[in-house]
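Enquirer: Pasting a structure below so you can have a look.
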Amino acid sequence: MHYQAADGTSGVLSADFVIGADGSKSLTRKLITGAGGLRMKHEYPFAWFGITVNAPQTAPELIYATHPAGFAHISTRSEHVQRYYLQCDPEDTPDMWSDERIWEQLHLRADSDAVTVSEGEITDKAVLCFRSAVTDPMQRRRLFIAGDAAHTVPPTGAKGLNLAMADICALAPRLAHAVKKSDTSALDDYSKLALPRVWKTQHFSYWMSSMLHSVPGADQMSTQFQTNRRLAELSTVVTTDAGRQLLAHEYVGWDFPPIDSF
Ligand SMILES: Cc1cc2nc3c(=O)[nH]c(=O)nc-3n(C[C@H](O)[C@H](O)[C@H](O)COP(=O)(O)OP(=O)(O)OC[C@H]3O[C@@H](n4cnc5c(N)ncnc54)[C@H](O)[C@@H]3O)c2cc1C
């Protein structure tokens, strides 16, 4: 593998195995897609405008709020630092969101009888794109890709890091076995083992995203149909035991591959 370090020096590394854990803009992934691997994708007609705020916690739990003006998400970093998100247009830029507009929209979308969004100094503003993508297979010869290099999920389900860890739980024991026993056969199954969980998580992130976000369209009656159908879906989930159990199970996540199976 050829590399160039931050100080400009370059070199060549030789290794028996290469793990491509180089994030969503992965270069190693191209070695798989360039050799016939698939890169399946989905784009969403909305994005999140996210802020970091020095403020006390709004509520002890995360809040997912759906509203005709758009989705809002209230999450927490610590007792004094909060992360808030507002559904926005994918073309929006942070300078389109004044502090006044942010607080007005957060209160409109997320305040309730029980909760008032806590305000404070905004220290960071950013637009987060919504994308889903899966690379199949997640390996070629002795190259194995993991995490965002292999797949991207929209942020609604908070699953990106979890999925990256699950990949590594599948890969690490197989890699250790290959190195210790000079037997690479178990590595052949890495992709087959990881991908079903990747797709289940893709489904969950897609489902949460489409159930909670409003999608304005040109045809008013068609938009109203989609809004009412979406709210009925949400109501079905939160008012039935089966719906709540499925959401809880998917939110916590599917079992990780057993790490000590070798
Ligand atoms: C704002 C935000 C909020 C998020 N919140 C959550 C959450 O609540 N829960 C959750 O599960 N996930 C969350 N995620 C997603 C999560 O951060 C990612 O899914 C996770 O970091 C993926 O890990 P990774 O190791 O695959 O990739 P990365 O964390 O992107 O790491 C890749 C690393 O490779 C390095 N790299 C890339 N190219 C090269 C190169 N050519 N040479 C050398 N090094 C290279 C990068 O510098 C980086 O250090 C969030 C993401 C964002 C952006």
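Enquirer: What part of the accessible area of the chain, given as a whole %, is carbon or sulfur when the probe is 1.4 angstrom?
Expert: Heavy-atom surface of the chain belonging to carbon and sulfur, 1.4 Å probe: 56 percent.
Enquirer: Rounded to the nearest 0.05, what FRET efficiency is calculated for residue 18 and residue 131 with R0 set to 22 Å and r the Cβ-Cβ distance? List each step's numbers first, then the result.
Expert: Details: r = 25 Å, r/R0 = 1.13.
For R0 = 22 Å, the calculated efficiency reads 0.30.
Enquirer: So if I place +1 on the C-beta of Lys and Arg and -1 on the C-beta of Asp and Glu, and nothing else carries charge, what would the dipole magnitude of the chain be about its Cα centre? I want it in debye, nearest 20.
Expert: So the magnitude is around 1240 debye.
Enquirer: If you take the beta carbon distance between residue 240 and residue 80 as r and set R0 to 51 Å, what does 1/(1 + (r/R0)^6) give as a FRET efficiency, to the nearest 0.05? Walk me through the numbers on the way to the answer.
Expert: Working: r = 38 Å, r/R0 = 0.74.
Efficiency computed from Cβ-Cβ geometry: 0.85.
Enquirer: What number, in percent, do you get for the relative contact order of the chain if the mean sequence gap of Cα pairs under 8 Å and at least 6 apart is divided by its residue count? Could the numbers behind the result be given before it?
Expert: On the way: 412 pairs, mean separation 53.6, N = 262.
This gives 20 percent for the chain.
Enquirer: Students sometimes get this wrong: rank 213, 2, 80, 42 by accessible area, probe 1.4 Å, all chains present, largest first.
Expert: The residues order as 2, 80, 42, 213, largest area first.
Enquirer: If we count every other residue with Cβ under 11 angstrom of residue 255's Cβ, Lys/Arg +1 and Asp/Glu -1, where does the sum land?
Expert: Working: positive: 197, 200; negative: none.
That sum, taken over residues with Cβ under 11 Å, equals +2.
Enquirer: With the Cα gyration tensor of the range 47-128 giving a ≥ b ≥ c as the square roots of its eigenvalues, does the rule (a/c under 1.5 for rounded; else a/b larger than b/c for prolate; else oblate) give rounded, prolate or oblate?
Expert: Because a/c hits 1.5 or more and a/b fails to exceed b/c, the range 47-128 counts as oblate.
Enquirer: Report the antiparallel proportion of the DSSP beta bridges in the chain as a percent, rounded to a multiple of 5.
Expert: Antiparallel bridges make up about 90 percent of those DSSP assigns within the chain.
Enquirer: Quick one: order 221, 211 from most to least accessible surface, probe 1.4 Å.
Expert: Accessible-area ranking of 221, 211, largest first: 221, 211.
Enquirer: Please give the per residue accessible area of the chain, computed with a probe of 1.4 Å over protein heavy atoms only, in Å².
Expert: Accessible area per residue: 56 Å².
Enquirer: Show me the helices of the chain, taken as full DSSP H stretches, that run 30 Å or more along their long axis by Cα and average 0.0 or above in Kyte-Doolittle hydropathy. Write out the running numbers ahead of the final one.
Expert: Working: long enough: 160-181 (32 Å, 0.66); 190-212 (33 Å, -0.21).
Helices passing the filter in the chain: 160-181.
Enquirer: What nm value, rounded to one decimal, do you get for the distance between residue 254 and residue 183 when each label is placed 7 Å out toward the C-beta?
Expert: Distance between the two pseudo-spin positions: 2.7 nm.
Enquirer: Also, I was wondering about something else. Leaving ligands, DNA and RNA out of it, rank 185, 205 by accessible area with a 1.4 Å probe, largest first.
Expert: Final ranking, largest accessible area leading: 185, 205.
Enquirer: Summing +1 for each Lys or Arg and -1 for each Asp or Glu, what net charge is found among the other residues whose Cβ lies under 15 Å from the Cβ of residue 144?
Expert: So the environment of residue 144 carries a net charge of 0.
The values are calculated or read from the model by the stated rules, or taken from the named source; none is laboratory data. Please read all numbers here as calculations on a predicted model, not as lab measurements. When we count neighbours, we look across all protein chains shown, and the Cβ atoms used for this are built from the backbone with ideal geometry, even at glycine. All accessible areas refer to the heavy atoms of the entire protein, side chains included, with ligands and DNA or RNA removed. Shrake-Rupley method; radii C 1.70, N 1.55, O 1.52, S 1.80 Å.
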